[in-house]
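Step one of this worksheet: look at the structure below.
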Amino acid sequence: MRRAPAALILAACFFLAAPTFAAEAQPVPSVSPDAAASVSSDIAKAPAGLPDDDTPPPFMRPHVAKPVPARPDLTFAVKPGPKGFHGLDWGAPLAEAKTRLAIVPVTEPVALKDTFMRKDELLKLGMADLRTVAYYFPKGRFSGVGITFEGEANFFLIKDHLIELYGPGRQIGDRYGWTWKDCNIELRLKSGAGELRYTFEQQ
């Protein structure tokens, strides 16, 4: 009978002597009814405030615009407007103006309907020098004044004078002016020629 090789015998001995590495099955611990009730109670006492499943995350929620404060209405001037011009109230009848201001019709260089002037007019407004001052009487009532002047210096002198009286006005194009519900003032300078108008809206 032939002998087994020594290496084969040693390998067989090593295999038989090696420990078994298979893990024994562990029993599943049972949960008593009291322990299960305790777990359910702890879940019920979980802190509130957690989002529900249907609540979208913050980045998906619709944007809610914040209220915008109302802008101030800059249509009308801040200070009260003029009640008239050179002591003559708006709406005064022509007969009263002739008596108080000694006005006469404008006839030069051409006759102008319902337009009058004072022969002794003081051609100044504040510190500014004026060229002409005309008084308008449509329908026989005092409803406006038209003033002409020359140069940028007089423009700014008139503007500063009116701002002192009525507060800041509004710039619209090449015109600067003040607006009230029944009256407005408009100041303009173009190519060195200036014009200032007072207009009263008769009710």
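Derivation of every value follows stated rules applied to the coordinates shown; laboratory data play no part. Nothing here was measured: the structure is a model prediction, and the numbers come from that model. Every residue, glycine as well, gets a Cβ built from its backbone with ideal geometry; the counts of neighbours run over all protein chains shown.
Taking label points 7 Å from Cα along the Cα-to-Cβ direction, R175 and T99 give a separation of 3.5 nm. Sequentially through segment 177-184, phi angles give Karplus couplings (6.51, -1.76, 1.60; θ = phi - 60°) of x, 10, 10, 10, 5, 10, 7, 8 Hz, Gly and Pro residues having no value and appearing as x. Close amide H contacts of G169 (hydrogens built in the peptide plane, cut-off under 5 Å, sequence separation of 5 or more or a different chain): none are found. Taking 28 Å as the limit for the C-alpha separation, the pairs K113/K190; K79/K113; K98/K190; K139/K159; K139/K190; K119/K181 exceed it in the case of K79/K113; K98/K190; K139/K159; K139/K190; K119/K181. Residues whose amide H falls under 5 Å from that of V106, counting only those 5 or more places apart or on a different chain, are L112, T115, F116, M117, with hydrogens built in the peptide plane. Each residue of segment 110-122 is assigned a 3J(HN,Hα), and the resulting list reads 9, 6, 10, 5, 6, 10, 9, 9, 9, 5, 9, 4, 7 Hz, derived from the Karplus form 6.51 cos²θ - 1.76 cosθ + 1.60 (θ = phi - 60°), x at Gly and Pro.
Residues whose amide H falls under 5 Å from that of C183, counting only those 5 or more places apart or on a different chain, are E201, with hydrogens built in the peptide plane.
Applying the Karplus relation 6.51 cos²θ - 1.76 cosθ + 1.60 with θ = phi - 60° to segment 78-86 yields 3J(HN,Hα) values of 6, 8, x, x, x, 8, x, 8, 6 Hz, where x marks Gly and Pro. Across the alpha-carbon set of segment 90-200, the Rg to Rh ratio works out to 0.97, Rh being the Kirkwood radius.
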